[in-house]
Every structure is written in structure tokens, then in C-alpha cells.
Amino acid sequence: MIHGVIITPFDAAAILIVLAATLGYLNRRFLHLPQTIGLTVMGAIASLIVVGIDRLSPGSRLSHEIVAFIAGIDFHATLMDGMLSFLLFAGALHIDWSEMHRGRWAILILSTVGVLASTAIVGFGFQFIAGLMGLSIPLIWCLVFGALISPTDPVAVMAIMRQAAVPPTLQATVAGESLFNDGVGVVVFAIILAAATGAEPLSLGHATHLFLMEAGGGIALGLVIGWLAYRGMHSIDDYQVEVMISLAVVMGGYAVARWLHVSGPVAMAVAGLIIGNHGVAHAMSDVTRDYLLKFWALIDDILNAVLFLLIGLEVVTIPSDMRLILLGAAAIPLVLLARGVSVLLPLAALRPFLSLGNLAPVTLIWGGLRGGISVALALGLPDGPARAFALAATYLVVLFSVIFQGGTIERVLRSRKKSG
């Protein structure tokens, strides 16, 4: 509610679309930044202006009202229970299965062992840094932060990879890893958070059981709904119905995943891979293929715009405590270090069996962007002292990742190519 006016979900969506369209136009017209980076930057600048107005005008309640508006959106539920299913499916549609299959072992290890290693490194390192600053944060909550910041965001990664001149197998590996480590990361986060809040014991056996149920169940569900959609599309030739079938897969499939308590993100990634490869190649006419791929490309672009605008606007929700800012800034190199270790060690172990080329380390490390999923998980944390630390650190890491890593990845890759 703002000035006594109740903001309905439709009003909130309308405001975000108008803002995204306006800032997207201004970015395209004047700044010429990649859309994800431009909207994040402009959203953050707009938020800082709001905060500045509040500081200069003590009677202003603009910042409070913006915070209330954003809190009313419920970023966590909006992304995790709504947007994410569309974004993952749309991203998986455009991944070449044959290229991804060549890098399957790298994808499997990076999205499982890599996420677990990064969670541990970030968790222990975050507690150590906090201790140096005189802050006492329980290790279990530091591990919660490690789990929510370790997955690379498939939305951010694939938006950048589409523009970078990366070999097809490496591009498919990066995109595939980001799709699946998202699902794995959400499961790991849920397991550690349950232990931190006392809801579940943290034991290896219990954690393994939950992980297999969530991730394995997500793969099985994705295979089933992807196959059913493929059979349905194969039996008809009507682009309108086939596009609706793809919508039914995403919305119905994600709802079923929640009812079954399996990983919806993993299910959407698997279903998208099936329809984007087997379905596109064998179940669609040229007209249907064109409509379906363009429809999902447009959905992807619109939701990306809203997502990264929301990330920029979230700056007004961060408490203005200098210790939080310093801890968040220190978390940036820590997260990069954890990503480096969790990438380089698996690549070294796989070198006798698979070589992704000289560009692989820098692409996977510097191109391993964090984005809306980490922010959504942090916003979903229960109230308490640890939430403020995790939220500030997450936001700063995500801003650095999207703006600096995303903004320089093409130049870094070109430089690496010349030196290689």
C-alpha cells in the first residue's frame, strides 16, 4: 500500500514492465550497454538516488515506500515459484544437446562437487573474515551464505555467453553447468538452511537422501513431462497448440514438482533440453519451430529485463551499516577464489579424458556470474542478524558479478585468445 492505495499484483507487474521498458529504451538509446548490465546499473542508480533524496530530505518517505513496494512483490516467491521455471526452460531450449553431451562429465562434476566445494570454501572463509572484523556469525549460517552464493545464475550466464565468441562445446558446458548447478545449489541451500533453523538435523545420510530425492526426482519428472510434450507435439501440426503445450510443460510441470517435493529447476532444465533438441528436430514443422523459438526468446528477454531491474532496485533494502558493506566487499574475492578452486580442480582431474581448451578456466571462472537466484534465496532467509550479513554480501557480490564480470567477459576472452 502506497499513500493509502493498494498495489495489486497486476499493478506491481505493470509498474515493473513500464520501468523495464523505459530504462531499456534509455539504455539502448544512450548507454548501449548489454541489456542485463544496463538495467542492473540503471536500477541501482535509481535506488541510490532514492536513498540520497531520503538522506537530504529527512521528511521524505520515498525510500520507505519503495522498500514497501519491493517487499510487497516478494522477490523470493516471484523468482523461485514463477519466473525461474520460464527462464530455465527458455534457456535450455537453445542448448545443443550434442555439444552438451561432449562436456557431460564436466557439467556433472562442476554442478555437484563444484557447488559443494564452493559452499564449504565460502562458508569457512566468510566466518574467518567476519571474525577479523569483530563480527560473530555462526558457522552454519556462513555455510548457508556459501550455499546460496555458489550456484552460477543460468539467466546471467546464458545472456552473456550468447554474445561471447566461445567454442560450441565450451558454451554448451558453461550453459549446462549453470542450469544444473542452480538446481543443485537450491537443494543444498534448503538442506543447510533447515539445519540452521533447527528444522532438520544435518547429517550426511539425511542430506544425501534429500539431495537424491530432490535432484533425482527433478530429473525423472523432467524426462516424463518432456517426453509427453514431445509425443503430443509429434502427433499434430498446429503452432498455436504446440506453443500452448510448451507453456503447459512449464507451468504445470513446475506446479507438479512442488507437489511432489522434487526440484522444479532441474525438471524444467531437463524438459527444455528434450523439447529444444528432440522436439525441435523431429516433432515440429518449420512454421511451428519458428513460432515456438521466437515466443520463448521473447519471454526470456522480457523476464530478463524485469529480473535484472529488480536486482538493481533491491539496493534500497540493504541496511546502511558500514560493517555490512565491508564484509560484503570482502566476500567478492572470497567467492571468486572459491569459484576458481571448484573449477580448476575438476578440470585438472578431467584433463586425461576431456579437454575443453585453453579458454575453459577463464570462461568458467570469470563467466560464472551470480544473479537473481542468489538474491532471491538471500531475501528468503528468516529474520535475524545473519540475514542482514548474508543479504548485504549477496547483493554486493551479485552487483560486482553482473556489472564487472559480465561487462568485461568478452574483452577477457579476446585477450586470452590473443595470448593463447
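The values are calculated or read from the model by the stated rules, or taken from the named source; none is laboratory data. What you see is a predicted model; the values in this text were computed from it and never measured. Every residue, glycine among them, receives a Cβ derived from its backbone with ideal geometry; neighbour counts consider all protein chains shown. For the accessible areas, the whole protein counts, side chains as well, though only heavy atoms, and no ligand, DNA or RNA atoms are used. Shrake-Rupley method; radii C 1.70, N 1.55, O 1.52, S 1.80 Å.
Numerical summary
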| item | result |
| --- | --- |
| Residue check, residue 267 at pLDDT 90 or above, over 25 Å from residue 98 (Cα atoms) and either assigned to a helix (DSSP H, G or I) or open to solvent by 30 Å² or more (accessible area, probe 1.4 Å) (or both) | no |
| Any chance residue 118 is out of contact with any Asp or Glu (no Cβ under 8 Å at 6 or more places or on another chain), of a type in the set (Ser, Thr, Tyr), closer than 30 Å to residue 169 by Cβ and open to solvent by 10 Å² or more (accessible area, probe 1.4 Å) | no |
| Matching residues, the stretch 286-328, being touching a helix residue (DSSP H, G or I) at 6+ places or on another chain (Cβ under 7 Å), exposed (fewer than 15 other Cβ atoms within 10 Å of the Cβ) and modelled with pLDDT under 85 | 319 |
| Test: residue in the stretch 378-390 that is closer than 21 Å to residue 117 by Cβ and buried (at least 20 other Cβ atoms within 10 Å of the Cβ) | yes |
| Helices (runs of 4 or more DSSP H) lying entirely in the stretch 328-420 (those with 1 or more residues that are free of Cβ contacts under 8 Å to residues at least 40 places away in the same chain and under 17 Å from the mean Cα position of the chain (by Cα)) | 360-366 |
| Candidate set: the stretch 128-154, residues that are open to solvent by 20 Å² or more (accessible area, probe 1.4 Å) and aromatic (Phe, Trp, Tyr); chosen: the one farthest from the chain's Cα centre (by Cα) | 128 |
| Cross-chain or 6+ apart pairs with Cβ under 7 Å, the stretch 1-19 first and assigned to a helix (DSSP H, G or I), then modelled with pLDDT under 75 | 12/72; 12/73 |
| Subset of the stretch 227-257 (residues that are within 26 Å of residue 190 (Cα to Cα) and out of contact with any Gly (no Cβ under 6 Å at 6 or more places or on another chain)) | 249, 250, 251, 252, 253, 255, 256 |
| The stretch 66-101, subset open to solvent by 40 Å² or more (accessible area, probe 1.4 Å) and of a type in the set (Asp, Glu), residue modelled with the highest pLDDT | 96 |
| Scan of the stretch 241-264 for residues that are open to solvent by less than 10 Å² (accessible area, probe 1.4 Å) and without any contact (Cβ under 8 Å) to a residue 60 or more places away in the chain, ordered by number | 242, 257 |
| The stretch 271-286 residues that are without any contact (Cβ under 8 Å) to a residue 60 or more places away in the chain, paired with ones that are open to solvent by less than 20 Å² (accessible area, probe 1.4 Å) (beta carbon under 6 Å, 6 or more apart) | 274/226; 279/233; 283/233 |
